[in-house]
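Contents: one structure, followed by commentary.
The values are calculated or read from the model by the stated rules, or taken from the named source; none is laboratory data. Values in this document were obtained by computation on a predicted structure and should not be read as measured data. Glycine also receives a Cβ, built like all others from the backbone with ideal geometry; neighbour counts cover every protein chain displayed.
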Amino acid sequence: MEGPTSHTYFSQRLRLHYVDWGNDDAPPMLMVHGGRDHCRNWDWVAEALRDDYHIIAPDLRGHGDSQWAVGSSYNHVDYVYDIAQLIHQKKMNPVTILAHSMGGGVSLTYAGLYPETVAKLIVIEGMGPSPEMIRGRIDVPIQQRLDTWVQDLRKSSGRLPRRYPSLEEAYERMQTENPHLTEAQARHLTIHGSNQNEDGTYSWKFDNYVRNFSPIGLPFEAQHELWRRISCPTLLVRGSESWASDPAKDGRAEHFQDVQVVNIDGAGHWVHHDQLDEFLSLTQNFLAG
């Protein structure tokens, strides 16, 4: 595989990284990874689509080779701003967005904020907690939510990144996290998702602070309002073995103007890894429609 080139851009004074798969004259496509992941998790998908699109895949702040935020809780809206900056600076308008998990939630918010800039949108399990989980969170008093956030941040301040004695042990941890991965996939994701420390050990690239979610963010009703503003064709993809609920069954798909919901069997949260061929076929048919 001939890989992409690495570049940087700036957002809120942070130096952020992205990879560019070339083909500058083709329509732009943005691929946005999920939490504690990195831009090279899209490599197999990008390789399949690079002849038809100019693909750019960023490392979100605190992830991959992007700078870690100091004095920030990695709020959802900060990620949205970072994506908005990249699309603006690279003049990727109109853009097709392919996003996963947390990156999917960020992309849904962006597409609702600037619907005229998005041509098509594919989101893999990016809708966040199920309505049932949301009802449970709403019932938690605000002082309890804030206190939990404070306590979690304090824990993060004393948490050291885990060090693996060898790349092989980091790879085994990756394979344990997602048993659907092939050996080649797990090794590729480990190589691009870890750094070697000065003492020779290996640690994951993401900042441990990204584990902490702000207790105050967009109200769920506001998120639904933004979803209703998305005017482009939207494909919501879910793995049938995932923890995520089906948006067609729980009512969330009803907030979209033009939406398809597809569940893929034999896949968990990382559908684009677990069932790559089926996901690519689904994606290419949707983009061609």
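At least 1 residues being closer than 17 Å to P247 by Cα, at pLDDT 95 or above and under 16 Å from the mean Cα position of the chain (by Cα) is the threshold, and among the helices (runs of 4 or more DSSP H) wholly inside region 41-135 those reaching it are 101-113. The conditions are (1) surrounded by 17 or more Cβ atoms within 10 Å (Cβ to Cβ); (2) closer than 20 Å to H269 by Cβ, and K120 fails exactly one of them. Which is it? So the condition that K120 fails would be (2).
Could you count how many residues in region 12-39 are surrounded by fewer than 22 Cβ atoms within 10 Å (Cβ to Cβ) and either farther than 30 Å from G268 by Cβ or touching a residue at least 60 places away in the same chain (Cβ under 8 Å) (or both)? Reasoning before the result, please.
The first filter runs over region 12-39 and keeps only residues surrounded by fewer than 22 Cβ atoms within 10 Å (Cβ to Cβ), leaving 12-15, 17, 20, 22-28, 35-36.
With either farther than 30 Å from G268 by Cβ or touching a residue at least 60 places away in the same chain (Cβ under 8 Å) (or both) added as a condition, the list becomes 12-15, 22-28, 35-36.
Final tally of qualifying residues: 13.
Of L181, L113, L167, all but one fail to be more than 21 Å from A267 (Cα to Cα) and either charged (D, E, K, R) or out of contact with any strand residue (DSSP E or B) (no Cβ under 9 Å at 6 or more places or on another chain) (or both); the exception is L113.
Within region 151-165, the set of residues being at pLDDT 95 or above and surrounded by 12 or more Cβ atoms within 10 Å (Cβ to Cβ) comprises R162, R163, Y164.
Being within 18 Å of the chain's Cα centre (by Cα) and over 26 Å from I97 (Cα atoms) is true for just one of N178, N208, N195. Which residue is that? Please lay out each step first, then the result.
Working: N178 fails: over 26 Å from I97 (Cα atoms); N195 fails: within 18 Å of the chain's Cα centre (by Cα).
Every option except N208 fails the conditions.
When the residues of region 179-230 are filtered to those that are of a type in the set (D, E) and part of a helix (DSSP H, G or I), which remaining residue is surrounded by the most Cβ atoms within 10 Å (Cβ to Cβ)? First the steps, then the outcome.
In the first step, residues of region 179-230 are kept if they are of a type in the set (D, E); the result is 183, 198-199, 207, 221, 225.
Subsequent filtering for residues that are part of a helix (DSSP H, G or I) retains 183, 221, 225.
Values: E183: 9, E221: 7, E225: 13.
So the residue we want is E225.
The number of residues in region 67-90 that are in contact (Cβ under 8 Å) with a residue 12 or more places away in the chain and farther than 22 Å from D152 by Cα comes to 10.
Return yes when E168 is within 30 Å of F279 (Cα to Cα), outside any loop (DSSP other than H, G, I, E, B), in contact (Cβ under 8 Å) with a residue 40 or more places away in the chain and over 21 Å from the mean Cα position of the chain (by Cα) and no when it is not. For E168, the condition - within 30 Å of F279 (Cα to Cα), outside any loop (DSSP other than H, G, I, E, B), in contact (Cβ under 8 Å) with a residue 40 or more places away in the chain and over 21 Å from the mean Cα position of the chain (by Cα) - is not met.
For every residue, the table says whether it meets (1) in contact with a helix residue (DSSP H, G or I) (Cβ under 8 Å, 6 or more places away or on another chain); (2) at pLDDT 95 or above; (3) of a type outside the set (V, I, T).
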site: E221; (1), (2), (3): no, no, yes
site: E225; (1), (2), (3): yes, yes, yes
site: V271; (1), (2), (3): yes, yes, no
site: L276; (1), (2), (3): yes, yes, yes
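Kindly evaluate E254 against the criterion of being in a loop (DSSP other than H, G, I, E, B) and among the charged types (D, E, K, R).
On the way: in a loop (DSSP other than H, G, I, E, B): no; among the charged types (D, E, K, R): yes.
No; evaluated as a whole, the condition is false for this residue.
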